[in-house]
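The values are calculated or read from the model by the stated rules, or taken from the named source; none is laboratory data. Small disclaimer: the values here were computed from a predicted structure and weren't measured. Every residue, glycine among them, receives a Cβ derived from its backbone with ideal geometry; neighbour counts consider all protein chains shown. These accessible areas exclude ligands, DNA and RNA; they are computed on the full protein's heavy atoms, side chains included. Shrake-Rupley method; radii C 1.70, N 1.55, O 1.52, S 1.80 Å.
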Amino acid sequence: MPREFTPKVITANALLEGDVVYLTENDNWSRRLSEAAILIDEADADLRLLMAQGRASEVVGAYLADVTALGSTPTPTHFREEFRRTGPSNYLHGKQAETL
């Protein structure tokens, strides 16, 4: 029996900078998970993922990541996605440096 489709976002790494990015409602890439489009329809998610994977001049490694939708704000359901969202763990740079 197939599993029920759960909310997802499309995530990838920006090709030039390597930063984690998320696909927005307007099909732009954002470095903020809060701006990601929350996908609740499996067919729509699959189609948008294929389109994102075709943007090889912008991103690499696009995939669907599970989230919970608290209001309109996506929250990662897996440790890996939370770790990717917060940035490198070895020293402050990128996203972590911006919060100081």
To the nearest 10 degrees, how steep is helix 42-53 against the longest Cα principal axis of the chain, on a 0 to 90 scale? 40
Once both label points are put 7 Å beyond Cα along the C-beta direction, the residue 66-residue 40 separation in nm becomes 1.9
Return the carbon/sulfur percentage of the accessible area of the chain, one whole number, probe 1.4 Å, all protein chains in place. 55
GNM result for the chain, Cα springs below 10 Å: residue of 61, 18, 71 fluctuating most strongly: 71
Enumerate the calculated ³J(HN,Hα) couplings along the stretch 61-76 in order (Karplus 6.51 cos²θ - 1.76 cosθ + 1.60, θ = phi - 60°), each rounded to whole Hz, writing x wherever the residue is Gly or Pro. x, 5, 7, 8, 10, 5, 9, 9, 10, 8, x, 10, 9, x, 10, x
Which loop trypsin sites (Lys or Arg not before Pro) in the stretch 41-87, with loop taken from DSSP, have no more than 12 other Cβ atoms within 10 angstrom of their Cβ? none
Return the label of the correct value of Cα extents along the principal axes in Å, as calculated from the structure shown, out of [x] 44, 31, 24; [y] 44, 34, 26; [z] 34, 32, 27. [x]
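Let me know the longest stretch in the chain that avoids all GluC sites (Glu not before Pro) found in a DSSP loop with at most 12 other C-beta atoms within 10 Å.
Details: sites that count: 4, 17, 25.
Result for the longest clean stretch: 26-100.
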Modelling each spin label as a point 7 Å along the Cα-to-Cβ direction, I'd like the residue 86/residue 24 distance in nm, to one decimal. 2.6
